[in-house]
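*Asks:* Starting off with a structure, shown below.
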Amino acid sequence: MRSRTRKAGLALFAAALTFAGAAYGVTRPAPAEAATASQLVADMGAGWNLGNSLEASNNGIPSETAWGNPVVTQALINRVKAAGFKTIRIPVSYLGTIGAAPNYTVSAAWLTRIAEVVTYAHSQGLYVVINMHGDGYKTVGGSWLICDASDQTTVKDRYQKVWAQVATKFQSFNDHLIFESMNEEFDGQYGNPTQPCYSNINAYNQIFVDTVRRTGGNNASRWLLVPGWNTNIDYTVGSYGFAIPTDQYRSSTVPAAEQRIMISVHYYDPWDFTGQEDGVITQWGPNATNPAKTSTWGQADYLDAQLKKTYDTFVTRGYPVFVGEYGAIDKTTYDATNNRYRADFARTLVAAAKKYGAATAYWDNGYNGQHGFGLFDRSSATVTQQGIIDAIMSGAGGSQPTTPPATTPPVTTPPATTPPATTPPPGGTGTCRVASTVSAWNTGLTNSITITNTGTAAINGWSLAFTLATGQTIVSGWSASYSPSSGAVTATNATYNGTLAAGGSTTIGYQANHTGNAAAPTGFKLNGATCAA
């Protein structure tokens, strides 16, 4: 979906995937190789979209605050995880961060920020889906992934080179990271698919799969997600031209009988209930009390039948299906009972997806209020629609909060990224308190560190010194820059968390390798002052 702060956006659709007795939404340790189809869907469980953030843009330049949402924080992701979600889909636009031909080099700073947000979720043991989102919308300034553009040679060349860079950036992330080739790709009209557009969409998907696989590492066996026409179920399962890409370059370690390609669909039917910005249709489902406020189509039986189509067409052949977007906008200003039906819609969709073996991700555009999809207040990292979240978890079978893998080693650690920009050299001291939370597995760990200024004056610019246990080496971090990577380490604030008000706190973290000693660091000092543990 493409939707600014108060816009619902567009789309329509849903999905499924079988999972041979696996428990839906229960986290298993990260395996040595990518999960099977049944394991994958069971593990992904109920998901959530970080919408209108990394795909937001202004005059063709991506900016996560361009459409009114705040900068994404670890605290928000932690809240989403605590609510019970197992998967976070992170829509991403590239647009004007892509350089000129022939290399089409993506801005290193933008790739670093994407990696930082991915790590917020990935380090917590969540599944993460990243895609190429706004680049394919004609209505977005600077878009170029246009299926009916005249110069398809240039489009495909740029597409291939951008995905090569993205895949390389994330090459070492384990199987909890999934790449999605694009979003709602179509020619802009909502009638039947047209040619050569659909053939070009198929070609983009094939280029995507081949490019990612050829970058090697964990990308050779990673699950890859591809859509059909506009992520529409009927236009993907029917005889309209969708072709599942071949996967000839995948790792030879993947069993021949297994797939590593997923099918992406979205579900917003009936649109007059889920997305039309008026008060005409505000109720849905068997519990609706006012026929005049209820759509004449797209009820629970239709939803079930649509999901079954994806099961019959793809799941039975070993291709998982991911309902990457669904939801309904807030119409409580027209009908005070509307949230009840939004919850019913979400519960029914997630339960049907589970029945047919599909994973799901609710579309949240960050906006709370009239016509918004928001479930959380992103500024305060608090829940705003607990009833809808409860309905989603009920449909998923009671997903419980995820913890990072604790027994089996991850495939490898994430690649090191360029340290975020910092404020001027830290100045001033103050009393402090530090809470360090380590989650470890055989050869790796993540550590989340909360720093609290317990003094009476604000700290403007800070550095936190500490000593890592012997054998530990930091391989990536978030919300601070870390130097050196082992021994006596100093973490220096990022630009957005350099000021700690009296009584204020901030959370930073890192992922590290270890050789058997996963102990928490010691000797914390904030701007030279010893911190209480």
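The values are calculated or read from the model by the stated rules, or taken from the named source; none is laboratory data. Everything quoted here is computed from the prediction, not taken from an experiment. When we count neighbours, we look across all protein chains shown, and the Cβ atoms used for this are built from the backbone with ideal geometry, even at glycine. We work out accessible area using only protein heavy atoms, side chains counted, and drop any ligands, DNA or RNA first. Shrake-Rupley method; radii C 1.70, N 1.55, O 1.52, S 1.80 Å.
Matching residues to (1) in contact with a Pro (Cβ under 6 Å, 6 or more places away or on another chain); (2) part of a helix (DSSP H, G or I):
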position	(1), (2)
A336	no, no
R342	no, yes
F345	no, yes
A361	no, no
D364	no, no
N368	no, no
G372	no, no
S379	yes, no
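*Asks:* Restricting region 177-236 to residues that are closer than 21 Å to P91 by Cα and of a type in the set (D, E), which is farthest from the chain's Cα centre (by Cα)?
*Replies:* In this case the residue turns out to be D187.
*Asks:* Please find, among G51, G21, G68, the residue that is at pLDDT 95 or above and open to solvent by 10 Å² or more (accessible area, probe 1.4 Å).
*Replies:* On the way: G51 fails: open to solvent by 10 Å² or more (accessible area, probe 1.4 Å); G21 fails: at pLDDT 95 or above.
Sole residue among the options that is at pLDDT 95 or above and open to solvent by 10 Å² or more (accessible area, probe 1.4 Å): G68.
*Asks:* Let me ask something else. Across region 439-474, what is the number of residues that are at pLDDT below 80 and either farther than 28 Å from S172 by Cβ or hydrophobic (A, V, I, L, M, F, W, C) (or both)? Show your work before the answer.
*Replies:* Narrowing region 439-474 to residues at pLDDT below 80: 439-446, 448.
With the extra rule that they be either farther than 28 Å from S172 by Cβ or hydrophobic (A, V, I, L, M, F, W, C) (or both), the set shrinks to 440-441, 445.
Selection size over region 439-474: 3.
*Asks:* Tell me yes or no: at least one residue of region 109-122 is out of contact with any Gly (no Cβ under 8 Å at 6 or more places or on another chain), open to solvent by less than 10 Å² (accessible area, probe 1.4 Å), assigned to a helix (DSSP H, G or I) and closer than 24 Å to G369 by Cβ.
*Replies:* No, every residue in region 109-122 fails to be out of contact with any Gly (no Cβ under 8 Å at 6 or more places or on another chain), open to solvent by less than 10 Å² (accessible area, probe 1.4 Å), assigned to a helix (DSSP H, G or I) and closer than 24 Å to G369 by Cβ.
*Asks:* Residues in region 48-75 that are under 13 Å from the mean Cα position of the chain (by Cα), under 14 Å from F376 (Cβ atoms) and not aromatic (F, W, Y): how many? Explain how you work it out, then say what you get.
*Replies:* Restricting attention to region 48-75, the residues satisfying the condition of being under 13 Å from the mean Cα position of the chain (by Cα) are 48-55, 72.
Still in the running and under 14 Å from F376 (Cβ atoms): 48-53, 72.
If we keep only those that are not aromatic (F, W, Y) as well, we get 49-53, 72.
Qualifying residue count for the region: 6.
*Asks:* Do you know which of the residues in region 76-92 that are in a loop (DSSP other than H, G, I, E, B) and within 13 Å of the chain's Cα centre (by Cα) is nearest to G372 (Cα to Cα)?
*Replies:* Taking region 76-92 first, the residues in a loop (DSSP other than H, G, I, E, B) are 83-86, 91-92.
Subset that is within 13 Å of the chain's Cα centre (by Cα): 85-86, 91-92.
Details: F85: 20, K86: 23, P91: 17, V92: 20 Å.
Only one residue fits best here, namely P91.
*Asks:* Something else: Filter region 247-267 down to the residues that are touching a Pro at 6+ places or on another chain (Cβ under 8 Å) and free of Cβ contacts under 8 Å to residues at least 24 places away in the same chain and list them by number.
*Replies:* none
*Asks:* Between T154, T168, which is closer than 20 Å to V226 by Cα and at pLDDT 95 or above?
*Replies:* The match here is T168.
*Asks:* Of all residues in region 369-405, count the ones that are open to solvent by 30 Å² or more (accessible area, probe 1.4 Å), in contact with a strand residue (DSSP E or B) (Cβ under 7 Å, 6 or more places away or on another chain) and at pLDDT below 95.
*Replies:* Total satisfying the criteria: 1.
*Asks:* Of V106, V128, which residue is within 20 Å of I207 (Cβ to Cβ), open to solvent by less than 10 Å² (accessible area, probe 1.4 Å) and at pLDDT 95 or above? Give the derivation first.
*Replies:* Working: V128 fails: within 20 Å of I207 (Cβ to Cβ).
Step by step, each of V106, V128 is checked, and only V106 is within 20 Å of I207 (Cβ to Cβ), open to solvent by less than 10 Å² (accessible area, probe 1.4 Å) and at pLDDT 95 or above.
*Asks:* Given the residues T348, T337, T360, T333, which is the only one that is at pLDDT 95 or above and open to solvent by less than 20 Å² (accessible area, probe 1.4 Å)?
*Replies:* On the way: T348 fails: open to solvent by less than 20 Å² (accessible area, probe 1.4 Å); T337 fails: open to solvent by less than 20 Å² (accessible area, probe 1.4 Å); T333 fails: open to solvent by less than 20 Å² (accessible area, probe 1.4 Å).
That would be T360, the only listed residue that is at pLDDT 95 or above and open to solvent by less than 20 Å² (accessible area, probe 1.4 Å).
*Asks:* Could you tell me how many of the residues in region 54-88 are polar (S, T, N, Q), out of contact with any helix residue (DSSP H, G or I) (no Cβ under 9 Å at 6 or more places or on another chain) and over 24 Å from T450 (Cα atoms)? Step through it out loud before you land on a result.
*Replies:* Filtering region 54-88 for residues polar (S, T, N, Q) gives 57-59, 63, 65, 69, 73-74, 78, 87.
Next, only the ones that are out of contact with any helix residue (DSSP H, G or I) (no Cβ under 9 Å at 6 or more places or on another chain) stay: 58, 63, 65, 69.
Checking the rest, the ones that are also over 24 Å from T450 (Cα atoms) come to 58, 63, 65.
Counting residues in region 54-88 that are polar (S, T, N, Q), out of contact with any helix residue (DSSP H, G or I) (no Cβ under 9 Å at 6 or more places or on another chain) and over 24 Å from T450 (Cα atoms) gives 3.
*Asks:* Looking only at region 164-178, which residues are of a type in the set (A, V, I, L, M, F, W, C) and open to solvent by 10 Å² or more (accessible area, probe 1.4 Å)? Even if it seems obvious, please write down each step before you answer.
*Replies:* Of region 164-178, the ones of a type in the set (A, V, I, L, M, F, W, C) are 164, 166-167, 170, 173, 177-178.
Hit for region 164-178 is A164, nothing else.
*Asks:* Shifting gears a bit: For G99, which of the numbered conditions (1) modelled with pLDDT under 95; (2) open to solvent by 20 Å² or more (accessible area, probe 1.4 Å) fails to hold?
*Replies:* Condition not satisfied by G99: (1).
*Asks:* When region 183-219 is examined, which residues are found to be small (G, A, S) and under 23 Å from N49 (Cβ atoms)?
*Replies:* Kept after step one, since they are small (G, A, S), are these residues of region 183-219: 188, 191, 199, 203, 216-217.
Across region 183-219, the qualifying residue is only G188.
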